[in-house]
Amino acid sequence: MKDRPPLCEAPARATHAGPDWGIIGFALNPPNAPPPPAAPATPVVSASAWAPLSQPVFRMLWVTWLVANTCMWMNDVAAAWLMTTLTTSPALVALVQTASMLPVFLLGLPSGALADILDRRLFFMVTQFWVAGVAVVTCLLVLGGGMTPALLLALTFANGIGLAMRWPVFAAIVPELVPRLQLPAALALNGIAMNGSRIIGPLLAGAIIASLGSAYVFVLNALLSVAAGFVIFKWKRERTVSALPGERFVGAIRVGWQYVRQSTRMHAVLVRIALFFLQSTAVLALLPLVARGLDDGGAGTFTLLLAAMGSGAVVAAAQLPRLRARFNRDQLVNRGSVVQAAATVILAFAPNVWVAVPAMFISGMAWITVANTLTVAAQLALPDWVRARGMSIYQMALMGSAGASAALWGQVASWTSVPISLIAAAVIGQALLVWARRMLIEGGAEEDLTPSQAWKPPVTATPIDPDAGPVLVTIEYQIDPARAEAFRAVMQESRRSRLRHGALAWELFRDVNDPGRYTEYFIDESWVEHLRRFDRVTAADVHLRERRLAFHLGDQPPRVTRRIAETLEPH
């Protein structure tokens, strides 16, 4: 089937050497003519740290996110402290962190795919009710005296499933709610919510544990989770309507994974976040034991240390706009990692809370600086159509590293001691940081991932079954052989772009008799998956196409053909 080239290859816009008629028309206006009407003023978008809270929907969901994370910290604090009453094993205490984070690693990509396919509002609401149900079961077991270390780890894992399911959907929702200029501030406010909850949650949990017992922490957790779920239910989200059927679950997972795999910027972000959490999670995993080891250490000390870390994060988040203006992202990540490692070493040697609290405060400042910087980099590297899946992979790298780190440094503490384990985490983390500094998260021009409607789906001679396929697309270019090297470089970028959009295969062929004639081909899984390409076009894709066409010779655009596989019956 042959037609005009609208697939990611719409006909080239005509160019000419004639006058710029817009300028000529303005110049020919009579001298006394009234001035043309002023263009409508562009709304001024504030980039201050608190500006996103002026958006009502963002403000509502931000408060909900604060409550959700308060519940998470209450659960984690109560579970960690409850484990110290059930066992004295450092490895089991550290495994509470692993059980909390492992579900995100295991379920991150499936939950991201569901968040991109299903109604994000309903999906977010269901996760809150799931967390409430787990809290009720945990409460009943504690009150009934039936809790064991194994059951506590299992229920912590179940609570982590709620976190695994809700984080990608919330990460994908935020860019819908604020202008692009305010996205870094919005993500910093999310960090404030997470770290504010790190203060509120442990303080509430510590007070309830001291006065009523651990079981009632889970009761309050359930009540708050249900309340947050009903707030989300009241949100009236505008859904983007597509004429195409929804993506299938397995295919959505494949495309999400493939997009991240072909994004060099996401590669750097994933490595850096994994290495940072391998270093920094040692503090959280071993903090209950650090608190017990301090002079007069107890549940109140544990709560105080977590609150100090959260306070440091909140203070640093308010200063992030100034830090971003002074340092680039790589500098913020590198310096924040060094500061966090130094705070970890100080904590390892701390004899009392007067030393430990400042160390945790500094650690919190460094933590939010690095985590927010990497989260912003990940968000800006992903278009909206795959954002939940991409951010779920980011969270998988984060939580997978954090879970492995908790298990690793807990085991090292069992073999040696808590201080030695903390020092080892700081030293090894910095050694890995030196190795990873060549992987830049900032550098070169950032892709403009703004959605574009520049390309229209092809018109076919006959109707085509959406599930028909695979679809073979070929595009023929005629170029100057002297520019072949530069053309291949642009086509290498095109390869990554085609694969990011879901192509099963891609190749570039050169004609053996005509050194300037090249044929690009790629294969889509089905006709409907081919049509999805037109919904996924961004401004960066349009710019890349223009760069390809700049090499093409002749008056006609490159020749595009599309062919659908025929099923042949075996003889």
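The values are calculated or read from the model by the stated rules, or taken from the named source; none is laboratory data. The shown structure was predicted, so the numbers you read here are calculated from the model rather than taken from an experiment. Don't worry about glycine lacking a Cβ; one is built from the backbone with ideal geometry, like all the others, and counts go over all protein chains shown.
For beta carbons closer than 6 Å, sequence separation of 6+ or different chains, a first residue in segment 423-448 that is over 18 Å from Phe277 (Cβ atoms) and a second that is surrounded by fewer than 16 Cβ atoms within 10 Å (Cβ to Cβ) and at pLDDT 85 or above, the qualifying pairs are Glu442/Asn328; Asp448/Ala539. Within segment 526-533, can one find any residue that is assigned to a helix (DSSP H, G or I) and loosely packed, with under 14 Cβ neighbours inside 10 Å? The answer is no; no qualifying residue exists.
The residue that is farthest from the chain's Cα centre (by Cα), counting only those in segment 271-317 that are crowded, with 24+ Cβ neighbours inside 10 Å, more than 20 Å from Leu408 (Cα to Cα) and modelled with pLDDT of 85 or more, is Leu305. Of the helices (runs of 4 or more DSSP H) lying entirely inside segment 67-182, those carrying at least 3 residues that are at pLDDT below 80, out of contact with any strand residue (DSSP E or B) (no Cβ under 6 Å at 6 or more places or on another chain) and farther than 17 Å from Ser225 by Cα are 90-117, 149-177. Against the conditions (1) hydrophobic (A, V, I, L, M, F, W, C); (2) modelled with pLDDT of 85 or more; (3) farther than 30 Å from Thr87 by Cα, Trp385 satisfies every one except (2).
Picking from Arg498, Arg532, Arg548, Arg562, which residue would you name as being in contact (Cβ under 8 Å) with a residue 60 or more places away in the chain and in contact with a helix residue (DSSP H, G or I) (Cβ under 7 Å, 6 or more places away or on another chain)?
Working: Arg498 fails: in contact with a helix residue (DSSP H, G or I) (Cβ under 7 Å, 6 or more places away or on another chain); Arg532 fails: in contact with a helix residue (DSSP H, G or I) (Cβ under 7 Å, 6 or more places away or on another chain); Arg562 fails: in contact with a helix residue (DSSP H, G or I) (Cβ under 7 Å, 6 or more places away or on another chain).
After ruling out the rest, the residue left standing is Arg548.
Restricting the first member to segment 251-273 and to residues that are more than 14 Å from Gln379 (Cα to Cα), and the second to residues that are outside any helix (DSSP H, G or I) and among the small types (Gly, Ala, Ser), the beta-carbon pairs closer than 6 Å and six or more apart or on different chains are Val255/Gly502. When the criteria are applied in full, Val142 fails the requirement of being of a type in the set (A, V, I, L, M, F, W, C) and crowded, with 24+ Cβ neighbours inside 10 Å.
Would you point out the residue of segment 389-406, among those that are buried (at least 19 other Cβ atoms within 10 Å of the Cβ) and of a type in the set (A, V, I, L, M, F, W, C), that is modelled with the lowest pLDDT? Give the steps one after another, and end with the answer.
The initial filter retains those residues of segment 389-406 that are buried (at least 19 other Cβ atoms within 10 Å of the Cβ), namely 389-403, 405-406.
Pick out the ones that are also of a type in the set (A, V, I, L, M, F, W, C) and you get 391, 393, 396-399, 402, 406.
Working: Met391: 82, Ile393: 86, Met396: 81, Ala397: 86, Leu398: 84, Met399: 77, Ala402: 82, Ala406: 84.
The selected residue is Met399.
Among the residues that make up segment 356-379, is at least one of them surrounded by fewer than 22 Cβ atoms within 10 Å (Cβ to Cβ), in contact (Cβ under 8 Å) with a residue 24 or more places away in the chain and over 30 Å from Thr156 (Cα atoms)? Among the residues of segment 356-379, not one is surrounded by fewer than 22 Cβ atoms within 10 Å (Cβ to Cβ), in contact (Cβ under 8 Å) with a residue 24 or more places away in the chain and over 30 Å from Thr156 (Cα atoms), which makes the answer no. So for segment 480-499 (the condition being assigned to a loop (DSSP other than H, G, I, E, B), surrounded by fewer than 19 Cβ atoms within 10 Å (Cβ to Cβ) and in contact with a Leu (Cβ under 7 Å, 6 or more places away or on another chain)), does at least one residue qualify? Yes: one or more hits.
Can you pull out every residue in segment 433-479 that is at pLDDT below 85 and in a strand (DSSP E or B)? Within segment 433-479, Pro451 is the sole residue that qualifies.
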